[in-house]
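Here's the structure, in structure tokens; my notes come after.
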Amino acid sequence: MSDRLVPLGEIVSTHGIDGWLKLKTYNPPTTALSAKQSIFLEKSGACAPHVLEETRSHRGMLLLRIEGIDGIDKAEPWVGALLSVSEEKLQPLRPGEYYHYQAIGLDVFDTQGTRLGVVTRLWSKPGGDLYVVTSEKKEYLIPAVKEIVEKIDFASGKMIVNPPAGLLDL
């Protein structure tokens, strides 16, 4: 069994005065959170275990009630925290699907075989997800769309992209 922690999102604000927290998920919509589940909140290098009491959807985000956080004064210090779960708690995915964290560390090559760098993170933006690919000299933002990302091979640790003209010059 794995005890690796997988980040699911970031606490972006409080909600109301009763201690609810608003979570922006990295893999919307996530099904990896349920009542009475163990979660971990990490902020400023410290990671604390908590128990999730309840979740609700709210304007494209999740509202969370966490055991022991029962007022705005207890909720506010957690704004900006990273919410993670144990890897073994993640739901299995359909073929071709993956969690964002699984793409971190992939070597990225263009279709001519030129190495562009390594996926260092993913950004979920309103217009779609972006892979942040970092090399020794530059950082590239690669849209996570099938028209550009031709292949992801987790076994070999590679991603092949076919960027349109000019994308890598930005």
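Each reported figure results from applying straightforward, stated rules to the coordinates on display, with no laboratory input. This one's a predicted model, so the numbers in the text were calculated from it and none came from an experiment. Heads up, the Cβs are rebuilt from the backbone with ideal geometry, glycines too, and the neighbour counts pull from every protein chain shown.
As a calculated quantity, the FRET efficiency between Ile72 and Arg4 at R0 = 30 Å, using C-beta atoms, amounts to about 0.40.
Packing, taken as the mean count of other beta carbons within 10 Å per residue, orders the peptides 78-85, 132-139 from highest to lowest as 78-85, 132-139.
Shape class for the chain, computed from the alpha carbon gyration tensor (a ≥ b ≥ c): prolate, with a/c not under 1.5 and a/b above b/c.
Annotation: aspartates and glutamates with alpha-carbon distance below 18 angstrom to Lys151 (same-chain offsets under eight excluded): Glu97, Asp107, Asp110, Asp129. Rounded to the nearest 0.05, the FRET efficiency derived from the C-beta distance between Glu87 and Glu53 at R0 = 30 Å is 0.85.
In the chain, the calculated helix contribution to ellipticity at 222 nm averages -500 deg cm²/dmol per residue, counting -39,500 (n - 2.57) for every DSSP H run with n ≥ 4. Relative to the current alpha-carbon distance between Thr114 and Asp153, full extension at 0.36 nm per residue lengthens the span by 12.4 nm.
Of all lysines in the structure, not one has an alpha carbon short of 16 Å from that of Lys138, not counting any fewer than 8 places away in one chain.
In units of 2.2 N^0.38 Å, what is the alpha-carbon radius of gyration of region 97-170? Compared with the compact-globule rule of thumb, region 97-170 sits at 0.99.
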